[in-house]
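Since the structure comes first, as structure tokens, the remarks are kept for the end.
The values are calculated or read from the model by the stated rules, or taken from the named source; none is laboratory data. Please read all numbers here as calculations on a predicted model, not as lab measurements. Here the Cβ is made from the backbone with ideal geometry for all residues, glycine too, and neighbour counts use every protein chain on show. Ligands, DNA and RNA are excluded from the accessible area calculation, which covers all protein heavy atoms including side chains. Shrake-Rupley method; radii C 1.70, N 1.55, O 1.52, S 1.80 Å.
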Amino acid sequence: MRELKPWLDLIFKRPGRLVVGGFLILATLLSGIALLAVSGWFITETALVGLLLAAGVAATINLYVPGGAIRFFAVSRTVFRYLERVYNHDTVLRLLTDIRVALFRRLSQASRIRRGELSGAQWLSRLTSDVDALDTLYLRLIAPAALAGLVTLAVVVLAAVLFDVGTALLVGLLLVIALLIATVGVYLRTWRLSARQSDRQEDLRTAVIEHIEGFPELTAAGRTGKHAAWLMRQAHQVTSEQAKADTRVGWHLAGSHLLVNLSAVVALWAGFALFQAGTVSGPVLVLLPIALLGLAEVYAMLPDAFGKLGATLASASRLNRDCREDKQPGTPKAAGLPPETALLAENISVKHSGYAPLFTRFNLEIESGERVGILGHSGSGKSSLADVLAGLLRHAHGSLARTDCVYLTQKTVLFEDTLRANLLLGSPEASDTELWGILEQMELAERFATEPDQLDTWLGSAGSRLSGGEARRVALARVLLNPAPLVILDEPFTGLDAETRGRVSKRMETLLEGKTVISLAHGSEALPGTDRVIYLSG
Amino acid sequence: MAEPSANGGGENTSAADQKAVKGWLADLARGSRLWIRSTVAAGTVAGIATIIQMVLLARIIHLGIIDEVPVADLTPLFLGLILALVVRALGQGFQTRFAARCSEQVRRDARRQLHKHWQATGPVELGQSSAGTLAREWIDHVEALHGYFARFLPQMTLSMIVPLLILALVFWLDWLAGIFLLLSAPLIPLFMALVGMGAEKLNQQHFETISRLSGQFLDKVRGLTTLQLFGQTAGAAELIRKRSDHYRRITMKTLRVAFLSSAVLEFFASVAIAVIAIYIGFGLLGYITYGPSEDLTLFSGLLILLLAPEFFQPLRTLSQHYHDRAAAMGAGSEILERLDLPVNFETASEMASVEGSEDRIELRAVGKGFRTDQTVLKDLSLTIQKGEVIALTGPSGGGKSTLLHLLAGFMAPDTGEVHLFGEAPGSFRFGWLGQKGFLVQGTWADNLRLTTPDASDIAIETALRNVGLGSLLDSRQQGIYSPVSEEGQGLSGGQARRLSLARIFLADYDLILLDEPTAGLDSDSEVFVLEALHKLAVAGKTLVFSTHHQALLTLANRVLLVSGGEVRDA
């Protein structure tokens, strides 16, 4: 349960909403129980009075109060139910925001290297489903369990008041067992199955993908049938475990239901003794068992939620593991830099953990204002070198110092957002004039001036699709807007045709006036103007 | 990030499409009708036991309070009551058990259908879809059928049976009270429609919001490095908050309306109980002078009251499961779209022509095109002797791959015949090496035994050494029984392709087809692949490969130029 603590803390940051939401659920549950209980009382009372009237005995009955109560509870159950659903869904959506924002903050504190491992499509989709599991923690699990306890207590107190303490204790005992069966019991019997469900499914997914990738080879070897049969067995194991968990949840629901009903039977049995002794009236005798029958509905939503608790805990612990904050690789500082030098790398090694080093004893000194080109064929490790120089990847040995820098990564990263928002990342204070200016330089001004939303044109899947070359120029524009004195450009002209590249490259000369530029590419034609070029081998 | 995001929604499915999906779901249900019927039967038993429970409760209360029978004399009734409770619990328990079984079987059937389709589609066409998409259909979409078969479908029947039983009993007890319930009965289809529409809208709205929010969130997570480079993570967090809040407000507007529909059902259920309670009370007092109310007793009155909530309960349960239906329809339409794709692969191995010589490969007047206007191979006749090493060369798109696929039996020719050593293509085992190597998680031995299950340890090790993986194997502690990828270190593309080649060595096939075996390899792997192919050629295997690589062309004893639909010796 420790896994849940950080997320529970987050949820309990809104105590007001939780209490109001809980109260609305409670009011709904109590209205439902009261509607039936009062109706039962009323019918019994009228039956008894009716018999007296029929026998000619003068008897009176107050129809006003019970009649009014029945009508009130009928309406209040509906109204509270509606309010509860609206209010609590609002709460869930708020919690969803809280959880996402908190998770994002934590992720942005996590080490960049580790996040590099954790960014595949599979990891992202799993992250989404793990977050979803936590969003509903309050509405599905915490509130119903807490309220079931509260309503049970209320009914037991009612039993003590209307009947006697002995009956109340016996009924209470049965209810507590029913509650345990519906909650803790389900959890204990399913957590193992439920916790590994997600891992099993991921393993299955890997196996299916392997099967499809190997389909031609397997077909040639005449093995698709055999391998598919193996896959079917794996899939069947996953579904049959799920079915096992479902069945257990079902039996626990039935069991707790049985005990709730039994408690009503016990109350009725004990009530008759009190009735015949004259301590309890007929209508009151009917009221308690009917109220107890109503409890079944309160308990009904618990087993399912507790059956998923194992999976929720697994989700939480995965999120805790992947999103833990840890030390950033130290960003290279300008301290210790000789005057008029923009970057000084001494004896550094570039290596990804677990792999052989790409470079050892790499030395580079760049004067302020210098334009350096670095050339190397694909796979030579130049992007890793750029990552090290920019501070994304920690160098293994040696020392590295540099001034502030801005870095255009080899991969074009644009956000699903407006053009303006994407550009402002580079320079949050830039005016519209400046933005149009840089777009003009990148030959994009015309492209966006014709869009209805101009600078607010939405980029990404939902909005205007950019070609590879256009997207690259937007990313380049964003970097050029940034005031940092050192600019690192990794394959700056990917996707640009030769003519555009020539024109853009020329304009960059003036735009980068006075800045130090390191550009990396696979061939000299893909470099902007340079003072000197370094060749990477191997 | 500016990438098309996967959208899982089938919201715009047309009516015809919906009908097809319903038909497909019904077919699946037919396959598991035994389990569905058992589920409904168990649910009905629970329903009947509930009715009996209420009858006994009302009876006991009537006898005890009105007739003042001593508790001891009521013992048989109490025992009957407990028996009814136990039967009810058993019914409930078996209902979920059978439902779980049903869904299990349905999912297995659906997966089998999909797999059959894959096999019928053949490796070439299947390669057109991404492995991730196919895996999602096979796993996630099939999983989405669970709720529909385990919960919605049986509940659909139960929500007819149980209320009808209750209605009949209430009519027998007091027809006026029965009419109160019946009055709400014509409204029930209306409820259902209302609830259905509400649930559908709710589901759709919820789905859209969640996927948009997830999209926004994932977009920022994916680009986190960029945000950090520009020092903008705090701003992005604030943006996530603002956007989420904005979506929340929009969603809540729709939800407020959507929840009204289920509130209507709730309202009718509550009001019906209240009306019945008050009617019975007044009837028992003798205030109602018409109709059957003078026959009301505490027994019948109380029983009607106890049954009224049970009358509405199945419907309320059904409305809770409505989203299961929407989910199954969405997933079903995507699965059906896959199953409806045309297949033309099976014909290849079914071509029953066993004529032709046993020691050569013959193509007779073979033609193949993909669209009517585009012919890849025209009227091609070719003879390859057993043991020859054939290199196919020529421009890309010239038909090299098509020719290989025809020889492999991965596709059938439009015209003409292909005979491989007197047999139809695809009817015997052969070696295939595609451009991507293929490996599964597991040990080296697992990977090699995938295609040759009975290979000995020594044979496996020899095969791996033949493709130059010996040194890698020596660095692993448990030899061929160590995992292929250790500590997150996978194989490079070249190593993976060599692993595939090792399988071919191990299996000792007569015919080996290779699609660009050296394309995109690092120089180390290239040397090993060339060496391995040379060994296979020396061993007398028939090798056919497409290539541009000079060293491979010299390895061949016959080079064929495939270009513009024609094949000639170069």
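Take the alpha-carbon centre of the stretch A:496-538, take the same for the stretch A:10-87, and report the distance between them in whole Å.
One Cα centre to the other: 79 Å.
Accessible area per residue of chain A at 1.4 Å probe, in Å²?
41
Computed FRET efficiency, Cβ-Cβ of A:GLU202 and A:LYS244, R0 25 Å: what is it to the nearest 0.05?
Numbers: r = 19 Å, r/R0 = 0.78.
Using R0 = 25 Å, I get an efficiency of 0.80.
What number comes out for the charge environment of A:VAL208, summing +1 per Lys or Arg and -1 per Asp or Glu over other residues with Cβ under 12 Å away? Kindly include the intermediate steps, with their values, before the conclusion.
Details: positive: A:ARG205, B:ARG111, B:ARG136; negative: A:GLU202, A:ASP203, A:GLU210, A:GLU213, B:GLU137, B:ASP140.
Spelling it out: positives minus negatives among the neighbours equals -3.
To the nearest 10 degrees, how steep is helix B:322-339 against the longest Cα principal axis of chain B, on a 0 to 90 scale?
Its long axis makes an angle of about 20 degrees.
Set the Förster radius R0 to 22 Å, insert the Cβ-Cβ distance between B:LEU553 and B:GLN385 as r into 1/(1 + (r/R0)^6), and round the FRET efficiency to 0.05.
Values: r = 19 Å, r/R0 = 0.85.
Using R0 = 22 Å, I get an efficiency of 0.75.
Do any residues of the stretch A:28-43 lose at least 20 Å² of accessible area when the full set of protein chains is present rather than just their chain alone, and if so which, with a 1.4 Å probe?
Those are A:LEU35, A:LEU36, A:SER39, A:PHE42, A:ILE43, which lose 20 Å² or more relative to the chain on its own.
Compute, for chain A, the length of the dipole vector about the Cα centre, with Cβ point charges of +1 (Lys, Arg) and -1 (Asp, Glu) only. Units Debye, rounded to 20.
Working: 53 positive and 51 negative charges, 334 e Å.
Value, rounded to 20: 1600 debye.
Averaged across the residues of B:140-147, what count of C-beta atoms belonging to other chains lies within 10 Å of each residue's C-beta? Don't jump to the answer; show the numbers that get you there.
Numbers: counts 3, 0, 2, 5, 0, 0, 4, 0.
Across the residues of B:140-147, the mean count of other-chain Cβ atoms within 10 Å is 2.
Quick one: pull the percent of accessible area on the protein assembly as shown belonging to carbon and sulfur, 1.4 Å probe, ligands and nucleic acids left out. Can you show the working numbers first?
Values: 26450 of 46210 Å².
Solvent-exposed carbon and sulfur of the protein assembly as shown make up 57 percent of the total.
How much mean residue ellipticity at 222 nm does chain B get from its helices, if each DSSP H run of length 4 or more adds -39500 (n - 2.57) and you divide by all residues, to the nearest 500 deg cm²/dmol? If you can, show how the numbers build up before the last one.
Details: 18 runs with 349 residues, N = 570.
Taken over chain B, the calculation gives -21000 deg cm²/dmol.
Please give the total accessible area that chains B and A bury against each other, computed with a 1.4 Å probe and expressed in Å² to the nearest 100. Before the final figure, lay out the partial values.
Values: alone 29680 and 28020 Å², together 46210 Å².
Buried area between the two chains comes out at roughly 11500 Å².
Could you give the length gained on full extension between B:TRP175 and B:LEU260, defined as 0.36 nm per residue of separation minus the Cα-Cα distance, in nm? Don't skip to the end; give the middle numbers.
Working: separation 85, 0.36 × 85 = 30.60 nm, distance 3.12 nm.
Going from the current span to full extension adds 27.5 nm.
Rank these residues by their accessible area, most exposed first, probe 1.4 Å: A:THR60, A:THR510.
Values: A:THR60 130, A:THR510 95 Å².
The residues order as A:THR60, A:THR510, largest area first.
How large is the translational diffusion coefficient of chain A in µm² per second when you combine the Kirkwood radius over alpha carbon pairs with Stokes-Einstein at 37 °C and 0.692 mPa s?
Working: Rh = 29.7 Å.
This corresponds to a translational diffusion coefficient of 110 µm²/s.
Counting only C-alpha contacts under 8 Å and six or more residues apart, can you give the relative contact order of the stretch B:17-339 as a whole percent? Working shown, then result.
Values: 295 pairs, mean separation 99.6, N = 323.
It comes to 31 percent, rounded to a whole number.
Quick check on packing: order A:210-218, B:428-436 by the mean number of other C-beta atoms within 10 Å, highest mean leading. Walk me through the intermediate numbers first.
On the way: A:210-218: 23.2, B:428-436: 21.6.
Top to bottom by mean Cβ count within 10 Å: A:210-218, B:428-436.
Under the definition of Cα pairs under 8 Å and six or more residues apart, what whole-number percent is the relative contact order of the stretch B:350-569? Working shown, then result.
Details: 414 pairs, mean separation 65.9, N = 220.
Across the stretch B:350-569, relative contact order equals 30 percent.
Once you've got the Cα coordinates, tell me which of B:LYS400/B:LYS436; B:LYS386/B:LYS535; B:LYS436/B:LYS541; B:LYS22/B:LYS116; B:LYS116/B:LYS386; A:LYS515/B:LYS220 are over 25 Å apart.
Numbers: B:LYS400/B:LYS436 17 Å; B:LYS386/B:LYS535 16 Å; B:LYS436/B:LYS541 22 Å; B:LYS22/B:LYS116 21 Å; B:LYS116/B:LYS386 33 Å; A:LYS515/B:LYS220 30 Å.
From the list (B:LYS400/B:LYS436; B:LYS386/B:LYS535; B:LYS436/B:LYS541; B:LYS22/B:LYS116; B:LYS116/B:LYS386; A:LYS515/B:LYS220), the Cα-Cα distance tops 25 Å for B:LYS116/B:LYS386; A:LYS515/B:LYS220.
On a C-alpha basis, how far is the centre of the stretch B:38-52 from the centre of the stretch A:196-234 in Å? Whole number, if you could?
41
Take the alpha-carbon centre of the stretch B:101-176, take the same for the stretch B:248-286, and report the distance between them in whole Å.
31
Over chain A, what is the relative contact order in whole percent, taking alpha-carbon pairs under 8 Å and six or more residues apart?
Values: 724 pairs, mean separation 83.7, N = 538.
Taking the mean separation of contacting Cα pairs over the length of chain A, I get 16 percent.
Just checking the output field for B:302-311: average partner chain Cβ neighbours within 10 Å of each residue's Cβ? Numbers along the way, then the final one.
Working: counts 7, 0, 1, 8, 6, 0, 2, 7, 0, 0.
The per-residue average across the peptide is 3.
Can you pull out the GluC sites (Glu not before Pro) in the stretch B:257-338 whose DSSP state is coil and whose Cβ has at most 15 other Cβ atoms within 10 Å? Write out the running numbers ahead of the final one.
On the way: sites: B:GLU266, B:GLU294, B:GLU310, B:GLU334, B:GLU337; in loops: none.
Nothing satisfies the criteria.
Which order do the peptides A:90-102, B:116-128 take when ranked by the mean count of other beta-carbon atoms within 10 Å per residue, highest first?
Details: A:90-102: 20.1, B:116-128: 18.5.
Result, highest mean first: A:90-102, B:116-128.
Calculate how steeply helix B:33-65 sits against the longest principal axis of the alpha-carbon atoms of chain B, using the helix alpha-carbon long axis, and give the answer as 0 to 90 degrees to the nearest 10.
20
Where in the stretch A:439-538 are there trypsin sites (Lys or Arg not before Pro) that are in a DSSP coil and have at most 13 other Cβ atoms within 10 angstrom of their Cβ?
Numbers: sites: A:ARG447, A:ARG465, A:ARG472, A:ARG473, A:ARG478, A:ARG501, A:ARG503, A:LYS506, A:ARG507, A:LYS515, A:ARG532; in loops: A:ARG465, A:LYS515.
Counting only loop positions with at most 13 other Cβ atoms within 10 Å, the trypsin sites (Lys or Arg not before Pro) in the stretch A:439-538 are A:ARG465.
Hey, got the average number of other protein chain Cβ atoms within 10 angstrom for residues in B:129-139?
5
Tell me the net charge near B:ILE161. Cut-off is 13 Å between Cβ atoms, B:ILE161 excluded, with +1 for each Lys or Arg and -1 for each Asp or Glu. Could you put the intermediate results ahead of the total?
Working: positive: B:ARG37; negative: B:GLU310.
Taking every other residue near B:ILE161 into account, the sum is 0.
Just the accessible area per residue of chain B, please: how many Å² with a 1.4 Å probe?
Working: 24060 Å² over 570 residues.
Computed with neighbouring chains in place, this is 42 Å² per residue.
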